[in-house]
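Worksheet: one structure, shown below.
Derivation of every value follows stated rules applied to the coordinates shown; laboratory data play no part. Everything quoted here is computed from the prediction, not taken from an experiment. Here the Cβ is made from the backbone with ideal geometry for all residues, glycine too, and neighbour counts use every protein chain on show.
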Ligand code: URA
């Protein structure tokens, strides 16, 4: 929310007073003086006027998990363990998953309570590559890379997938880089060639790489430098 709206929503300030507060440089967001009425106030922002704290700001939290097979990318599931069951943190209800993985897909999963940060990571417009290691039932032909690069038509969503890059690692193994996260996208792309995906592992999302030190099921908080990359 814009800072001018945030302040004028409080019963004590009217719009004129808010304009003055900003011009007189009496408003601080996260310790920095702001005078631009468009400056953004997030639920995580600390907002002060003079020496009074108007909003403390929730702590923003960011984790990377090495998702094991056999767990659901959901916050709750009646039958199966969920990735959230692997996270032992307070206020787990605030957390969400940035980019789901299928039940048996393994690898990098990002969990956070910061919605605008996770949208930047996952939305196709930002074109951050999600890189998967893939093993298949049949051989992967040279035509796959061409088709994936041109994009595949997904009738259900009525869209053509954005160009994806395929690097062959063996007859039945490859690394695939996609910028979207459509439902079962990788499996459907290989499915176009009637080739079943037997193993799928996400190695990275944009600049965030799965930490080799994390065993399946383990997680850690992201470092400040990692958070700032997005
Ligand atoms: N594509 C899939 O088909 N499954 C995943 O889990 C991730 C991407």
Of the residues that make up the range 161-181, is at least one in a loop (DSSP other than H, G, I, E, B), in contact with a strand residue (DSSP E or B) (Cβ under 6 Å, 6 or more places away or on another chain) and crowded, with 16+ Cβ neighbours inside 10 Å?
-> yes
Which residues, counting only those in the range 174-188, are within 12 Å of the ligand (Cβ to nearest atom) and within 14 Å of residue 138 (Cα to Cα)?
-> 187
Selection from the range 42-68 of residues surrounded by fewer than 16 Cβ atoms within 10 Å (Cβ to Cβ) and within 16 Å of the ligand (Cβ to nearest atom) yields none
If we keep just the residues of the range 76-97 that are under 15 Å from the mean Cα position of the chain (by Cα) and surrounded by fewer than 18 Cβ atoms within 10 Å (Cβ to Cβ), which is farthest from the ligand (Cβ to nearest atom)?
-> 94
Residue 106 being closer than 21 Å to residue 214 by Cα, crowded, with 17+ Cβ neighbours inside 10 Å and in contact (Cβ under 8 Å) with a residue 60 or more places away in the chain = yes
Within the range 98-137, residues closer than 17 Å to residue 164 by Cβ, touching a helix residue (DSSP H, G or I) at 6+ places or on another chain (Cβ under 9 Å) and away from the ligand (no atom under 15 Å from the Cβ) come out as 126
